[in-house]
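Notes follow once the structure below has been shown.
The values are calculated or read from the model by the stated rules, or taken from the named source; none is laboratory data. Since we're looking at a predicted model, the values are computed, not measured. Don't worry about glycine lacking a Cβ; one is built from the backbone with ideal geometry, like all the others, and counts go over all protein chains shown. Surface areas here come from the heavy atoms of the whole protein model, side chains and all, with no ligands, DNA or RNA. Shrake-Rupley method; radii C 1.70, N 1.55, O 1.52, S 1.80 Å.
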Amino acid sequence: MSFPTWRTLKLRTYQTVADFRAAITASGAKISPWAEELLKSEEFRLTRQEEEVELEVVSNADLGRPDGCEFQETVRLAAERGLYPCPKDTGPQLREAYRDQPLGEWLIVVSEPISDADGNPGVFDVGHGSAGRLLCRDYADPATFGDGGLRFVFRRRK
């Protein structure tokens with residue numbers, strides 16, 4: 001099963017994380033304290049060269065696991081279908097750009113995990129809830145179980 005491109009995102013370059021943070025908040029979005037931890041992590045990387053990435057949104061059910069599966073299995077199943085983790089700053093870049101996100105939608109942006117202040121692996125998620133458009137974080141421990149309805153953002157390799 002192949003998945004259609006959901007969105008093409010132009011990854012922009014920023015000189016510093018502070019510049020990046022300012023762009024996100026200037027877009028009208030908020031950054032949760034947990035997402036701030038990932039932005040401050042030494043493992044977080046900013047894009048150094050502009051590039052366009054084709055993004056796909058899939059659920060565990062779309063990947064053949066309607067009852068859900070562990071995070072590492074989600075990533076493996078997506079790779080079998082030509083979908084791969086995004087660059088580490090894709091979540092924040094998507095949060096800045098995705099200004100028309102429907103209320104109630106939450107997307108987990110899969111990348112190589114970034115350790116938070118306690119050493120827990122995390123990835124960004126992009127949501128629109130009652131508090132507005134948010135950049136948050138989700139756990140990315142390989143054994144973290146996700147139900148069949150969770151929706152993940154992957155990139156398609158060119």
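Here the condition is being among the small types (Gly, Ala, Ser) and under 14 Å from the mean Cα position of the chain (by Cα); of Gly148, Gly82, Gly127, it holds for Gly127 alone.
Here Asn60 fulfils each of the conditions (1) loosely packed, with under 13 Cβ neighbours inside 10 Å; (2) closer than 24 Å to Asn120 by Cβ apart from (1).
The condition (being touching a Cys at 6+ places or on another chain (Cβ under 6 Å), surrounded by 11 or more Cβ atoms within 10 Å (Cβ to Cβ) and over 24 Å from Ala79 (Cβ atoms)) is satisfied by just one residue among Ser32, Ser27: Ser32.
Every condition in (1) open to solvent by less than 50 Å² (accessible area, probe 1.4 Å); (2) modelled with pLDDT of 95 or more; (3) within 23 Å of Ser27 (Cβ to Cβ) is met by Arg151 except one, and the failing one is (1).
Okay, residues lined up against (1) in contact (Cβ under 8 Å) with a residue 40 or more places away in the chain; (2) out of contact with any helix residue (DSSP H, G or I) (no Cβ under 6 Å at 6 or more places or on another chain); (3) closer than 22 Å to Arg157 by Cα:
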residue	(1), (2), (3)
Leu11	yes, no, yes
Asp19	no, yes, no
Thr25	no, yes, no
Lys30	yes, yes, no
Leu39	yes, no, no
Arg45	yes, yes, yes
Glu51	yes, yes, yes
Leu55	yes, yes, yes
Pro66	yes, yes, no
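Among residues of region 105-129 being out of contact with any strand residue (DSSP E or B) (no Cβ under 7 Å at 6 or more places or on another chain) and assigned to a loop (DSSP other than H, G, I, E, B), the one that is most open to solvent (accessible area, probe 1.4 Å) is Asp118. Looking only at residues of region 92-112 that are touching a helix residue (DSSP H, G or I) at 6+ places or on another chain (Cβ under 9 Å) and in contact (Cβ under 8 Å) with a residue 60 or more places away in the chain, we find that the one that is farthest from Phe20 (Cα to Cα) is Arg95.
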